[in-house]
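Here's the structure, in structure tokens; my notes come after.
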Ligand code: GDP
């Protein structure tokens, strides 16, 4: 078990009680510990560097108030800044989905294979139906894996939403447009489009999802990313963010044992709000993302 950051800093700061301010000298070793803690949580290096620079800027000159040690004061700055970077400053609205003025609101799901896109589509359908009282239609534009279409049909039926059937011989753009047409005719409030994912970043896949995006102009384009992904999260997020105007992120598999450093990496490259967290394989395992809780988790 790794020491949590507070314990690690406690070891470092034993020798420097009684200092009244955070200075370059008394924070250097502590910042090194913060950096290590973030790397151990699998935050990608560029995101760690940016974060450390920000903490340093905020911390230097900060008064050490009352009975706090410089270490405790620094932990306070680190926690505040990390929560801010996770999106705490964006306010609770950041986790809300936008709905089109003219229904249906279209939600496009993007991400690599296996991250939990189809499961999350089912979870979102359930959430929108039960919490927001929306009439939801789902469709799969994954024409490469017939099993993916069947899987979406299954999760959609489990949550009692409507499913628009597609076939592996159809073109993804046509599938999306046909589903949209159906949704309009049948007064659906929301259409969720699940898309194909590959095992790695792939130019053809990016062009295809960009074409689907261009054809239906979704109000929400959600990038689904696996919290267990670690350092790779940053490259994947960059590729999707470059190809698509993302509106938000869903971080899945937070029930696993990762510290979730991917959250910080993905925020670093996209700047987009993390709207939801996947916390179980089950279809009720979706929560509004909590930046403060996530900051504590990453710090361990
Ligand atoms: P896709 O290829 O991106 O559509 O991924 P799937 O939806 O098929 O999910 C891949 C695997 O991850 C499945 O076994 C899901 O049950 C699992 N999964 C998805 N979301 C979560 C989550 O939040 N927590 C856990 N533990 N498993 C998840």
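Every read-out reported here was derived from the displayed coordinates using simple, explicitly stated rules and does not represent laboratory data. This one's a predicted model, so the numbers in the text were calculated from it and none came from an experiment. Neighbour counts run over all protein chains shown; Cβ positions are idealised from the backbone, glycine included.
Which peptide among 234-245, 121-132 comes first, and what is the full order, when sorted by highest mean count of other Cβ atoms within 10 Å? Kindly include the intermediate steps, with their values, before the conclusion.
Numbers: 234-245: 18.7, 121-132: 21.0.
Packing order, densest peptide first, comes out as 121-132, 234-245.
Over all distinct alpha-carbon pairs, what is the Kirkwood Rh of the chain in angstrom?
Values: mean 1/r = 0.0492 Å⁻¹.
By the Kirkwood definition, the hydrodynamic radius is 20.3 Å.
What number do you get for segment 43-165 when its Cα radius of gyration is normalised by 2.2 N^0.38 Å, N = residues? Before the final figure, lay out the partial values.
Working: Rg = 21.8 Å, N = 123, 2.2 N^0.38 = 13.7 Å.
Rounded to two decimals, the normalised Rg is 1.59.
Report, in whole Å, the centroid distance computed from the Cα atoms of segment 95-161 and segment 249-300.
One Cα centre to the other: 19 Å.
Taking the Cα of residue 53, stepping 7 Å toward and past its beta carbon, and measuring to each backbone N in segment 234-266: which are under 19 Å?
234-235, 238, 264-266
Please sort 180-186, 284-290 by packing, taking for each peptide the average over its residues of neighbouring beta carbons within 10 angstrom, highest first. Mind dumping the intermediate values first?
Details: 180-186: 15.4, 284-290: 17.3.
Going by the mean number of other Cβ atoms within 10 Å, highest first, we get 284-290, 180-186.
Report the paramagnetic label zone for residue 215: residues of segment 122-161 whose backbone N is under 12 Å from a point 7 Å from Cα along the Cα-to-Cβ axis.
Within reach of a label on residue 215: 140-143.
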